[in-house]
Every structure is written in structure tokens, then in C-alpha cells.
Amino acid sequence: MNIDKQLDRLALQERQAPVPKTSVAGMVLQTIRQEQVIELRSFNRFSIGTAVAAALFLVVTMQFFSARDAAAYEPESYVYADLDAEMEQ
Amino acid sequence: MIPGMDKTVEQDEQDKEDVVSSLRGDEEAYTRLLRRYEEDIARQMWRFAHDRGEHEILVHDVFVEAFFSLPKFGFRAPFAHWLRRIATHVGYGFWRQKGRGRKIIHLQDPDSLAGKPAPEKTDEGISLFGLLEKLNPEERLVLTLTYDEGLNAKQIAERMGWTHIMTRARLSRARKKLRTIAENAGLGKELS
């Protein structure tokens, strides 16, 4: 008998060998519930984090534009100051 | 046809109904699916681990993985085939992790599963499982799928998402290595 046939015979023996029975239903459902809780918590953390980041971004953006607006008026005040000086003369 | 998985059309319909209900959060429906296929999956996972504790954890992992993959099921193939595919990937991942020497972390305590009696030896000292254990995970997988499920290179490639050429090369290399390992184990001399 060549080695390939012997390997085939071993494979057949293993296919026909009894397999231990398992009973995992309870464990599986428990793990699924745990994973779902973990997923929900991480989603909540993500949502809170996103909301905080968005609020911070909004505040910083508003401050940036308000500061820019003030600077934009500055040259005009110089112009008016110059005009006032000319008028006084 | 895949042995042990020759489900009737009626069973396919039941599977579809249970999958839909499971997706809606019906735990009982998923339990029905689990009980329907637990024996088939246990048989399949026995090829990946002959330690009873590891075997039970693998069966557990297949059904957890399947539950979270249900939204991707798509109803294109029978549930049994889809589940078998997931089981193969779980088993292959187990071998790869084991090969890297990493401790596999599970939510359940594996210690609670340890201490169960070891399985009986099926052969006169040499088992195919023992010979295949000496190969790397890729080679071991292609031969396990060939010997135990009768898949050819094309079918293995489809199941694993590998290219056909790569799978054929792996299969050929694995066969050569297995012959050498078997000869070194005295298989040729023993029965010739």
C-alpha cells in the first residue's frame, strides 16, 4: 500500500471517528449580550466625543471670525482718524 | 453535496425565517439556528482542535462570529454553507494565532472548559491530525479541507478568498511535505 493510500485511510478513520458533543447555546447568547453592551457603550462614547468636539470647533470658529471682524474694521478707524485730523486742521 | 449539510428546501426556508428574526433581535430564533447546526459545526471544528476545551471554544466562536456577521448574510447561499465558511475562517485564525504563540483571549474563561477528558486515539499511534499538525497553518488548512471535506483547489480558493494558482501551489507543496512527514513517522514502513 503506498503512502497516499495510507493517508487516505487515516483520513477516512478520522472522518468516521466520534466527535465530542458540545452545548454552547447559553455561552454564545451570553457572549452576544456582552458584546452588544460593549458596542453600545463604545458608540455612546463616540457620540459624546463627537458632540464635544463639534461644540469646541464651533466655539473656536466663532471666536476666530469675531476676532477677524474686529481686525477688519481697524484700518477703517485709522481712515476716520485721519479724516478727523484733516477736518480739525 | 457537503456531508451532514444536505438540508432540505423546507429547512432553508426555516433558516431564512430564523435569520430574519435574529436580525430583528429574536434570541430564540438564533438559538434555533444554533441548535440546528451545532453538531455539524462541532464535527467541522474537531478538525481544527482535538482538545475538548479548545474545541468547545471554537464552536462557540463560530456562532458568535456568525451572529455579528448576519447583516452581511445576503441570502445568496444556503445558511449552512455560509456558516461552514465562517467556521473554516475561525479555525484557520485559531491555527495562525496558535502558530504565533499568542494566547487566544476569549470572553469566556477557558479554564472552565479545561480538565475535560482527552479524546480517544483513533489509530494505531499515528493520526492524520497529528501529522498535519507539523505543517504551517496554510498547508494544514488546504490538506484538512481536501481530506475531510473532499474539496479541490478551486473550491478551497473560493472558500478562503485566495487565488486559484496560489491555492494549487500550496496544495502541491503541502502534499509533498506531508509525505515526508509521514515517512519520517514510519507510515510507509508500518503498512507496506
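In a shell of Cβ-Cβ distance under 12 Å around A:R15, excluding A:R15 itself, what net charge do Lys and Arg (+1) and Asp and Glu (-1) give? Here the charged neighbours net out to -1. What does the buried accessible surface come to for A and B, summed over both chains, with the probe at 1.4 Å? Round to 100 Å². When A and B are taken together, about 3500 Å² of accessible area is lost. Peptide B:42-50 is shielded by partner chain Cβ atoms: per residue, an average of 3 of them sit within 10 Å of its Cβ.
Taken along its three principal axes, the alpha carbon spread of segment B:122-192 comes to 37, 21, 20 Å, from the longest extent down to the shortest. Counting Cβ atoms of other protein chains within 10 Å of each residue's Cβ and taking the mean over peptide B:59-70 gives 4. With a 1.4 Å probe rolled over the protein heavy atoms of all chains, the accessible area of B:I156, B:I126, A:I38 falls in the order A:I38, B:I126, B:I156, largest first.
Cα-Cα over 26 Å: which of B:K16/B:K154; B:K72/B:K177; A:K21/B:K177; B:K134/B:K154; A:K21/B:K176? Listed pairs above 26 Å: B:K16/B:K154; B:K72/B:K177; A:K21/B:K177; A:K21/B:K176. Inter-chain Cβ neighbour count for A:28-38, averaged per residue, equals 5 (cutoff 10 Å, partner chain atoms only). If R0 is taken as 51 Å, the Cβ-Cβ distance between A:S42 and A:E88 corresponds to a FRET efficiency of 0.15. Shown are B:F48, B:F75, B:F67, whose ranking by accessible area with a 1.4 Å probe and every protein chain present, most to least, is B:F75, B:F67, B:F48. Legend: residues A:L56, A:L29, B:L83, sorted from most to least accessible area (1.4 Å probe; ligands, DNA and RNA excluded), read A:L56, A:L29, B:L83. The distance from the alpha carbon centre of segment B:128-155 to that of segment B:32-66 is 18 Å, rounded to a whole number.
The values are calculated or read from the model by the stated rules, or taken from the named source; none is laboratory data. Keep in mind it's a predicted model, so treat the numbers as computed, not measured. FYI the Cβ positions are ideal-geometry reconstructions off the backbone, even for glycines, and counts take in every protein chain you see. Protein only, heavy atoms only, side chains kept; ligands, DNA and RNA dropped before computing areas. Shrake-Rupley method; radii C 1.70, N 1.55, O 1.52, S 1.80 Å.
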